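Since the structure comes first, as structure tokens, the remarks are kept for the end.
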Amino acid sequence: MANILLVEDDTTFATILENFLKKKGFEVVVKYSVKSGIEALKHHTFHLILLDYRLGDGIGLDIVEALRAEDKTIPSIIMTSFNDVRTAVKAIRQGVFDYITKPVNPDELLMVVNEALQGKSAERERPALRNQPSGAANAEEGDFVEGTSAAARKLHDYIALVAPTDMSVLIRGESGTGKEYVARSIHRMSKRADKPFVSIDCGTLSKELASSELFGHVKGSFTGALNDKTGQFVEASGGTLFLDEIGNLSYDVQVKLLRALQEKVIQPVGANKTINVDVRVIAATNEDLLGSGKFREDLYHRINEFEIIVPALRDRRSDFQQFVDFFISKANAELGRQVSELSDEVMEIFGAYDWPGNLRELKNVIKRMVLLSTGSRAEVSALPEEMVFVLKNPDSATPKPSSDNPDLRLHSEAHERKLIMDVLQKAKYNKSKAAQMLNIDRKTLYNKMEKYGIE
Ligand SMILES: Nc1ncnc2c1ncn2[C@@H]1O[C@H](COP(=O)(O)OP(=O)(O)OP(=O)(O)O)[C@@H](O)[C@H]1O
């Protein structure tokens, strides 16, 4: 019998959820604030935490953070309003298993709860260490979409170019764009392919344990170091070490990492001997490392011998349909459904939405949609309500600048897309005329149309 901690400050909704989960056979403890949630974790053992994103005295992630500080891992699911999707995607980076959007659909909730309890969706679960032997990575070969857009072709050209070398690679891109997939592809196409690919999420490593996780430690070197520990640099020997969210490493660890890269030696915590290592490092980030002021410039140049930028989904619209088909067939197989077509309205909404959470968000929306579609055709009722609202109220599709959502580039892109569509319509889809009206050349217009997926 699984024990669930439910933290939700809307008492009526909390009671509905509690009753629903109890009916499904779970034990549920309900708390209404961050503080009482953290307190409950001290006194009970839970298998899963279900958290509201916004709580009276903080946010649900504060509870995940408190867990992490104690180095405990309990799968957690964040319930968020649609407007907070971007934040929810970030939450996954911080070790949250998954998110679901409100209003919560009972079938979806049950699916995500069961997946979390079974630890089933390995790549949605983000433990600090996502070690995978090469064989398993190879088994997934072909289980992805390459795409045919200009951006996809460039991406795969770069992967093919850098893979056979031993250069360190910095992969940049928004959350959920497929940076880990790029890192695995580089490894698979490299001379190190038959050696381990070790993936570490630096965003979920606690400050205290990061050094020992990467470089290992000797017994007794700090409280809690009960045995010698081999670090991931040694585990990755001969292969590739993928450091995801590298911007989260503390200054001390950055110094050690620089030494490991420059001199090819590491020193486990508390050891007086060094160990030679032969590891290719691939790092990923979705922030501006140098601009953050927290990242050493010398290390930046060392990890950035070659840079790959993974395009956002909205910048590779011509690959969109391929991703949709791929995620539908995966969800069909997983959930025993037979969805083979989407209603026009669903297609329209998919096209109008800007997918801030990129491939991860698309995959999750499709999985929910397939789950809720018992026939062969997916209707708009299987989409999150707010997504539908955006289409019916086009003005709300253009994000309003606010301190909550200050992404200026997104705002200008959304405006630009809308302007181009309006002008094209006015010019009766005569592209030369539209380009003239927009005061840009035809080639620029074609590029922008491809970027925004305007046919
Ligand atoms: N080319 C692809 N084809 C199919 N699915 C993909 C592809 N690339 C990524 N995905 C899927 O998209 C999701 C996000 O991918 P991934 O974890 O690699 O993104 P990320 O950029 O590393 O995210 P984050 O910044 O949050 O670490 C995963 O579920 C992955 O399986």
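Quick note: the coordinates plus some simple rules give every number you see, no bench work behind them. Since the model is a prediction, treat every value here as computed from it, not as a measurement. Because the Cβ atoms are built from the backbone with ideal geometry, glycine has one as well, and the counts that use them run over all protein chains shown.
The table below gives the values:
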| quantity | calculated |
| --- | --- |
| Fraction of alpha-carbon pairs over 19 Å apart in the stretch 330-387 - percent | 22 |
| Label zone at LYS264, where the point sits 7 Å out along the Cα-to-Cβ direction: the stretch 180-220 residues whose backbone N lies under 15 Å | 192 |
| The stretch 134-311 shape via C-alpha gyration tensor axes, a/c threshold 1.5 | prolate |
| Three semi-axes of the equivalent ellipsoid, the stretch 276-392, Cα gyration tensor, whole Å, largest first | 38, 17, 11 |
| Least to most buried among PHE215, PHE26 (fewest other Cβ within 10 Å first) | PHE26, PHE215 |
| Size of charge dipole - the stretch 1-77 - debye, nearest 20, with Cβ of Lys, Arg +1 and Asp, Glu -1, no other charges | 280 |
| FRET efficiency, HIS415 to VAL104 (Cβ-Cβ, R0 35 Å, nearest 0.05) | 0.60 |
| Computed label-point distance, nm, for sites LYS433 and LYS330 using a 7 Å Cα→Cβ extension | 4.4 |
| Full-stretch length increase - PHE20, THR230 - with 0.36 nm per residue and alpha-carbon distance subtracted | 71.1 nm |
| Point-charge dipole on Cβ atoms (K/R +1, D/E -1) for the chain, about Cα centre, debye to 20 | 780 |
| Taking the convex hull of Cα positions in the stretch 3-118, its mean projected area over all directions (nm²) | 6.4 |
| Alpha carbon Rg of the chain, scaled by the compact-globule rule 2.2 N^0.38 Å | 1.04 |
| Cut-off 13 Å, label 7 Å out along Cα→Cβ of LYS273, residues of the stretch 194-226 by amide N | 218 |
| Projected label distance in nm at SER36 and PHE389, using a 7 Å step from Cα toward the beta-carbon | 2.7 |
| The chain, relative contact order [Cα under 8 Å, separation at least 6], % | 12 |
| Among TRP355, PRO75, TYR446 - extreme Cα towards positive end, dipole of the chain, charges at beta-carbon | TYR446 |
| Entries in LYS207/LYS363; LYS42/LYS294; LYS367/LYS451; LYS72/LYS294; LYS294/LYS448 that, when Cα-Cα distance is taken, lie over 30 Å | LYS207/LYS363; LYS42/LYS294; LYS294/LYS448 |
| Inter-site label distance for ALA160 and PHE222 at 7 Å from Cα along Cβ, in nm | 4.5 |
| Per-residue ³J(HN,Hα) for the stretch 309-315, Karplus 6.51 cos²θ - 1.76 cosθ + 1.60, θ = phi - 60°, Hz, x for Gly and Pro | 9, 8, x, 5, 4, 5, 9 |
| Helix-only CD estimate at 222 nm, as mean residue ellipticity for the chain, using -39500 (n - 2.57) per DSSP H run (n ≥ 4) | -13000 deg cm²/dmol |
| Cleavage-rule hits (GluC sites (Glu not before Pro)) in the stretch 140-196: DSSP loop, at most 14 neighbouring Cβ within 10 angstrom | GLU140, GLU141, GLU146 |
| Segment SER343-SER381, extension gain: residue separation times 0.36 nm, minus the distance between their alpha carbons | 12.6 nm |
| Square roots of five times the Cα gyration tensor eigenvalues for the stretch 233-312, Å | 23, 15, 10 |
